Amino acid sequence: MVTNTKAPTPIALAILVATRKGAFILTADKTRTHWDIQGPHFLGQIVQHLVLDPRDGKTMLAASRAGHLGPTVFRSTDFGKTWAEAKKPPQFPKAKDGQAGLAVDHVFWLTSGHASEPNVWYAGSSPQGLFRSDDGGVTWASVDGFNLHPDRSKWCGDPGQDGTPDGPKLHSVTVDPADAKHLYIAMSSGGVFESVDRGESWTPLNRGVAADFLPMPDPEYGHDPHCLRAHPLFPDRVYQQNHCGIYALDRNTNRWDRIGDNMPETIGDIGFPLVLHPRDPDVLWVFPMDGTSVWPRTALQGKPAVYGSRNGGKTWQRFDRGLPTAQAWFTVKRQAMCADLHDPVGLYFGTTSGEVWASFDEGENWCCLIQHLPHIYALESAALIPPTRRPAAILRSSKSIAQ
Amino acid sequence: MNVNLPTPLVDYTSGSRNVTANGKSLAELLLDLDRQYPGIRFRMIDEQGRVRAHIKFFVDLELQRDLNFPLAVQSEVMIVAALSGG
């Protein structure tokens with residue numbers, strides 16, 4: 001579907017694709033019918049995340065490392081025409097003499113800061129670390145309230161044993177749109193934590209979440225959240241796709257509810273990504289994966305499908321029209337699914353086999369935008385011409401999931 | 001002294017694989033390289049001062065793992081990005 005013969009003008013929407021071998025930018029006009037591709041950027045480099053700052057619409061950061069070299073962050077302010085490396089990439093504090101100290105293996109996650117803090121960005125790393133930039137990604141500082149917290153190693157576990165196969169990660173860094181000081185992070189492993197003082201102190205936020213790989217029944221931390229999302233307009237509604245199910249959290253209760261129990265039993269509630277409707281906190285989508293026996297983590301039965309709920313996870317609907325009907329064994333990674341701001345909402349996911357799939361009607365119908373890209377790590381949507389519909393104001397505790 | 005760089009680092013040197021730098025040790029040489037080509041050192045040496053997994057330093061064709069290894073003015077330094085998979 002992507003074509004180079006009829007480039008979209010003007011570009012209204014971009015899907016930023018981060019892959020194991022570089023980055024690509026898919027662009028579309030406002031109708032989402034004409035698509036083009038830019039790239040590769042950083043060909044051969046491992047790009048974990050590519051994000052456009054929604055506050056200024058021009059600053060783009062890429063978390064990158066080459067196979068041989070250490071991690072860094074690149075920055076562009078001209079939509080990828082030119083890139084400059086961060087003058088001080090994210091790095092842990094130097095350890096005291098005689099101590100081993102942590103080193104960033106790769107920057108995994110990038111999040112632009114609160115609307116009131118225009119140059120602030122956060123980065124999450126592998127192993128689990130949190131970093132902040134106050135100058136638009138040029139220089140990065142350790143968030144010592146987390147990285148040097150005396151309980152950090154207890155929370156994060158053994159980096160060799162308790163992480164994901166390619167290294168334990170701090171991801172899903174989320175800034176409360178109603179409060180710049182309020183941050184969420186999620187760690188694989190470690191669990192979900194929050195800070196109400198811009199990262200100075202942290203509290204586990206995992207009550208009600210299963211961790212069936214741990215011996216204790218309701219541990220305070222040590223969980224494996226795969227993807228955490230707080231709703232941008234109703235930030236007291238938080239969802240997560242966990243290693244052990246799909247959960248919703250209403251901050252009125254502060255206990256996670258396993259809404260994945262309402263998924264069809266034959267499908268289960270294991271997966272990596274979770275995507276929210278940009279305007280309706282009751283609407284979300286997931287991409288179930290095979291979590292049986294040895295955890296293949298592929299599309300179930302080789303028949304990929306998105307599942308969506310329009311009532312906060314009480315009931316779920318299968319969406320597979322247009323997707324492969326058999327022998328499709330790809331995986332969709334935790335940051336490789338996103339939504340745009342259009343109405344109806346566009347949904348996109350990228351696969352480990354290098355395909356980008358899109359639905360322009362909230363999941364009802366799917367088409368393949370592009371094939372043959374490298375293994376896709378992350379997709380992010382970016383509105384270059386925001387849809388005309390104005391977003392509603394941010395609401396606090398507006399409604400509970402049970403309504 | 002002459003320093004030969006692996007291809008993954010030539011983005012820092014405008015494409016050149018052969019540059020000159022000074023230092024009485026490998027550690028000092030890396031600091032001088034970073035002064036000339038900002039950012040290049042961190043791609044080879046982590047924040048704890050450890051050599052990254054796939055980086056190797058050869059001085060006069062001998063592998064040297066200690067960054068305090070002394071260098072002479074006429075030393076030939078080769079930095080190698082070793083195998084790192086597919």
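Quick notes on this one:
- Qualifying residue in the range A:218-229 (condition: assigned to a loop (DSSP other than H, G, I, E, B) and under 16 Å from A:Arg334 (Cα atoms)): yes
- Within the range A:73-83, tally of residues that are in contact (Cβ under 8 Å) with a residue 12 or more places away in the chain and either surrounded by fewer than 17 Cβ atoms within 10 Å (Cβ to Cβ) or part of a loop (DSSP other than H, G, I, E, B) (or both): 5
- Only one of the numbered conditions (1) within 22 Å of the chain's Cα centre (by Cα); (2) at pLDDT below 95 is violated by A:Gly101, and that is (1).
- Residues satisfying the stated conditions in the range A:139-148, i.e. outside any helix (DSSP H, G or I) and surrounded by fewer than 17 Cβ atoms within 10 Å (Cβ to Cβ): A:Thr139, A:Ala141, A:Leu148
- Yes/no for A:Asp97 being over 21 Å from A:Thr139 (Cβ atoms) and without any contact (Cβ under 8 Å) to a residue 40 or more places away in the chain: yes
- Matching residues, the range A:18-32, being surrounded by 21 or more Cβ atoms within 10 Å (Cβ to Cβ) and not small (Gly, Ala, Ser): A:Thr19, A:Phe24, A:Ile25, A:Leu26, A:Thr27
- The listed residue being under 21 Å from A:His171 (Cα atoms) and within 19 Å of the chain's Cα centre (by Cα), out of A:Tyr221, A:Tyr247: A:Tyr247
- Residue match in the range B:65-86 (condition: within 9 Å of another protein chain (Cβ to nearest Cβ) and either crowded, with 16+ Cβ neighbours inside 10 Å or of a type in the set (Ser, Thr, Tyr) (or both)): yes
- Reported count of residues in the range A:59-72, each being assigned to a loop (DSSP other than H, G, I, E, B), more than 7 Å from chain B (Cβ to nearest Cβ) and in contact with a Phe, Trp or Tyr (Cβ under 7 Å, 6 or more places away or on another chain), is 0.
- Taken over the range B:13-50, the residue count meeting the criterion of being in contact with a Lys or Arg (Cβ under 8 Å, 6 or more places away or on another chain), in a helix (DSSP H, G or I) and within 14 Å of chain A (Cβ to nearest Cβ) is 3.
- Residue match in the range B:55-62 (condition: assigned to a loop (DSSP other than H, G, I, E, B), within 13 Å of chain A (Cβ to nearest Cβ) and closer than 28 Å to A:Gln99 by Cβ): no
- Within the range A:73-112, the set of residues being away from chain B (no Cβ under 11 Å), polar (S, T, N, Q) and under 23 Å from A:Val175 (Cα atoms) comprises A:Ser76, A:Thr77, A:Thr111, A:Ser112.
- Single residue of the range A:284-326 satisfying the filter (among the β-branched types (Val, Ile, Thr) and assigned to a loop (DSSP other than H, G, I, E, B)) that is surrounded by the fewest Cβ atoms within 10 Å (Cβ to Cβ): A:Val294
- Within the range A:94-114, the set of residues being part of a strand (DSSP E or B) and either touching a Lys or Arg at 6+ places or on another chain (Cβ under 8 Å) or more than 23 Å from A:Leu52 (Cα to Cα) (or both) comprises A:His106, A:Val107, A:Phe108, A:Trp109, A:Ser112.
The values are calculated or read from the model by the stated rules, or taken from the named source; none is laboratory data. All values derive from a computational prediction rather than experimental measurement. Note: ideal-geometry Cβ built from the backbone for every residue, glycine included; neighbour counts use all protein chains shown.
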